[in-house]
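Participant: I am attaching a structure below and will ask some questions about it afterwards.
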Amino acid sequence: MSDDIPILRLGPNLMVTLQGNLEDTTVEHIERAVTHEVARTRATGLLIDVSGLSIVDSFVARVIARLVAMVRLLGARSTIVGIQPAVAITLVELGVPMSHVRTALNAEQGMALLREPTGR
Amino acid sequence: MGYAGAVVSDELSYYQQMIDNITEYEVIRLDDNGIVQSWHAGAERLTQYTAEEIIGRPVSVFYPPEEAASGRVEQDLRIARDTGRCESEGWRVRKDGSQFWASTLLTPIHVHGTVVGYVKVSRDLTERREQQLAALGAEQMLEAITDYEVIRLDRDGYVRSWSPGASRLKQYTEEEVLGHHVSMFYAEEDVRDGLAERELATAAREGRFETEGWRVRKDGSRFWANVTLSPIRDSTGELLGYVKVARDLSERREQEQLVQRQRDEILELSTPVIQVWDKILVLPVIGTLDSLRAARLTDGLLERIARDQAEVVILDISGVPAIDTDVAQHLLKTVEAARLMGTASVLSGVRPETAQAIVHLGIELGTLRSRNSLRDALQLALQIVGGTAAEREPVDV
Amino acid sequence: MTVLAEDAVLTMTINGEADLLHVRSMLRAEAQRAGLTLTAETKLVTAGSELARNIVRYSTHGQGVASVERLHRNGRHGVRVEFRDDGPGIADVEQVMRDGYTTGDSLGLGLPGSRRLVDEFSIDSAVGRGTTVVIAQWSR
Ligand SMILES: Nc1ncnc2c1ncn2[C@@H]1O[C@H](COP(=O)(O)OP(=O)(O)O)[C@@H](O)[C@H]1O
Ligand SMILES: [Mg+2]
């Protein structure tokens, strides 16, 4: 079933696109598939494109935050791109802790962010 | 980059430079008596006065004489002074005497608790108002042709004329209805009750009858209609028949939405987002922020960030008379939402009391940066856009 | 999932995780119908998603009901949604309304977060008798 999860390879980076009205099990399935793919390809960066999500509730937000943490343990950095304006303010009001995730306006800027030296 | 290099000592004059680039708005400073103190290109474009001609003259010259005479200007200044803002819409006068429809926001400038003057933000709405009126007129005309049913019945209720609007509403062609009784458009139970006959009788007796109810299309589907029946009489008062006007009330909803949109635009006006540089937005927050305005401000700013793909936004809060913890909290939420979208924020014009309010909230300032003046904020913004992405995001994980 | 319409109240039964999708799309349609701003719409749908998920997670057999009512007041329109279940109920309502409290392994933000997202929020629960949460969002 991992065939239908759109994971794109862009040089040393991977890009996954989340979109539509997602069931919890699908979200968790994507989380597993992406983690495996990062490990398998030894990617150094992961771009998570959420511009196609019109809602992100605490469950989905938590899975994304967890994915970022796991990918980091695998030695890669993540950037979330394309959070919609209404989704951004909703996440803040909801109170989901997201301070450790890096974000960018679009895929292009997200890639630029991933290309930069870690600094640490 | 010209802006970053400019060294301008006076904060207001720097602001002035920025304002000079704004041509859609007029942003001028008045003293406490309403005398014009500052001027810029946008204001000149709007009113035709040059700086030499207008500085030192009372703001009432922009008001139509009868309004100025009625003490309207003083009243607006007083409202602004007492309540922290005065928002109005009305006719304003240019140098050549011509008038334009403008929205105006007056906000007092406080120094040590006393009002030393006002900031006046105006915008010409004439064109938009005319467009809206024109659009409205055209819409109503179209409606009259296709969305209203206007038909004629004889004195016994048989259909004698049909219209394109009626075809659209009820799906019947002219041949299918001419000569048939009007009850063919009524719901079955209403036909049994003799509703159509009763309505016609009432219209004849009262001179007019209006009602709302279910009506039936050719395919059997129902719609909620507004119906008016008016009797037609000859010169002797003899009843000849009726004019029947019917309308599908789903339309009402669209009207309401139009009103809503206009209300939104007015709110949006009081919080203009200005693009000062490629990828840099400034939100000059002027006046008191109630919760509705604050929510609008956030929505508007975030949408604008998405549209312009702005990398930095400067929130200039020097024009806000008082920032309580609610407003401070709201501003920080806006900053965090912008960060989630990938945009850095710079606060500008934070006063000591505001700093206290923010710190007392115990809120993690995170990536929030703040500069004393708008000039410094702009400089920082330019550095962020020009620099590497890492500078934009100091917290690297 | 079944949808019944009686007057202005629409009722949708919740039987499992798949119904979260139905609740979200129904609330989105209702929000648009009421003319809510996109932000108000997104907040309403998000709160609804949280509350429907609570039914799926915490109610008996994950079953409950979501009822929508269309509101009209002074030219404004609104959407009211009631999430009701006959599950185990909540012993200490004040406790579950605090950020971070959870008996599952999730974030504990569903209830307190939902309250922040909507214009009106109320919760009523008793042990053994189930839980009812009502939210409402208005057009401006
Ligand atoms: N419908 C319900 N029935 C019973 N208990 C509930 C219900 N909804 C919420 N709870 C209880 O309230 C707690 C907090 O819920 P919530 O704020 O949504 O956070 P979370 O779902 O992450 O635990 C849950 O862990 C659960 O114990
Ligand atoms: Mg929950």
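The values are calculated or read from the model by the stated rules, or taken from the named source; none is laboratory data. Computed from a predicted structure; not experimentally measured. Positions of Cβ are generated from backbone atoms using ideal geometry, with glycine treated the same way; all protein chains shown enter the neighbour counts. Quick note on the areas: whole protein, heavy atoms, side chains included, nothing else; ligands and nucleic acids left out. Shrake-Rupley method; radii C 1.70, N 1.55, O 1.52, S 1.80 Å.
Participant: Within the range C:47-59, can one find any residue that is among the basic types (Lys, Arg) and within 14 Å of ligand 1 (Cβ to nearest atom)?
Facilitator: yes
Participant: Could you say which residue among B:Asp326, B:Asp299, B:Asp316, B:Asp264 is surrounded by fewer than 21 Cβ atoms within 10 Å (Cβ to Cβ) and either modelled with pLDDT of 70 or more or within 14 Å of chain A (Cβ to nearest Cβ) (or both)?
Facilitator: B:Asp326
Participant: Here is a follow-up. Looking at the range C:110-133, can you tell me whether even one residue there is out of contact with any Gly (no Cβ under 6 Å at 6 or more places or on another chain), in a loop (DSSP other than H, G, I, E, B) and among the charged types (D, E, K, R)?
Facilitator: There is at least one residue in the range C:110-133 that is out of contact with any Gly (no Cβ under 6 Å at 6 or more places or on another chain), in a loop (DSSP other than H, G, I, E, B) and among the charged types (D, E, K, R).
Participant: Please pick out the residue among C:Val56, C:Val81 that is open to solvent by less than 10 Å² (accessible area, probe 1.4 Å), of a type outside the set (Lys, Arg) and out of contact with any Lys or Arg (no Cβ under 9 Å at 6 or more places or on another chain).
Facilitator: Checking each option against the conditions leaves just C:Val81.
Participant: Spot the failing condition for B:Arg123; the list is (1) assigned to a helix (DSSP H, G or I); (2) modelled with pLDDT under 80; (3) under 23 Å from B:Ile274 (Cβ atoms), and only one is missed.
Facilitator: (1)
Participant: Let me ask something else about it. Out of all the residues in the range A:17-50, which are within 14 Å of chain C (Cβ to nearest Cβ) and of a type in the set (Gly, Ala, Ser)?
Facilitator: If the condition is that a residue be within 14 Å of chain C (Cβ to nearest Cβ) and of a type in the set (Gly, Ala, Ser), then A:Gly20 is the only one that fits.
Participant: Name the single residue that is nearest to B:His110 (Cα to Cα) among those in the range B:51-68 being outside any helix (DSSP H, G or I) and open to solvent by less than 40 Å² (accessible area, probe 1.4 Å).
Facilitator: It comes out as B:Tyr63.
Participant: Next question. Out of B:Pro272, B:Pro284, report the one residue that is more than 9 Å from every other protein chain (Cβ to nearest Cβ) and at pLDDT below 75.
Facilitator: When all the criteria are applied, what remains is B:Pro272.
Participant: Can you tell which of C:Gly64, C:Gly128 is more than 14 Å from chain A (Cβ to nearest Cβ), within 8 Å of ligand 1 (Cβ to nearest atom) and either surrounded by 15 or more Cβ atoms within 10 Å (Cβ to Cβ) or of a type outside the set (D, E, K, R) (or both)?
Facilitator: C:Gly64
Participant: Regarding the range A:52-62, can at least one residue be identified that is more than 8 Å from chain B (Cβ to nearest Cβ), under 15 Å from A:Ile7 (Cβ atoms) and not aromatic (Phe, Trp, Tyr)?
Facilitator: For the range A:52-62, residues more than 8 Å from chain B (Cβ to nearest Cβ), under 15 Å from A:Ile7 (Cβ atoms) and not aromatic (Phe, Trp, Tyr): present.
Participant: Still on this model: When you scan the range C:97-105, do you find a residue that is open to solvent by less than 50 Å² (accessible area, probe 1.4 Å), within 10 Å of ligand 2 (Cβ to nearest atom), modelled with pLDDT under 95 and within 14 Å of another protein chain (Cβ to nearest Cβ), even just one?
Facilitator: yes
Participant: Let me ask something else. Restricting to the range C:80-112, name every residue that is under 15 Å from the mean Cα position of the chain (by Cα), more than 7 Å from ligand 1 (Cβ to nearest atom) and within 23 Å of A:Gly95 (Cβ to Cβ).
Facilitator: Scanning the range C:80-112 gives C:Val81, C:Phe83, C:Met97.
Participant: Those residues that are of a type in the set (A, V, I, L, M) and either loosely packed, with under 15 Cβ neighbours inside 10 Å or more than 18 Å from B:Tyr242 (Cβ to Cβ) (or both), I need them from the range B:192-217; list them, please.
Facilitator: Within the range B:192-217, B:Ala201, B:Val216 meet the criteria.
Participant: Considering only the range B:146-182, how many residues are assigned to a strand (DSSP E or B) and of a type in the set (D, E, K, R)?
Facilitator: 4
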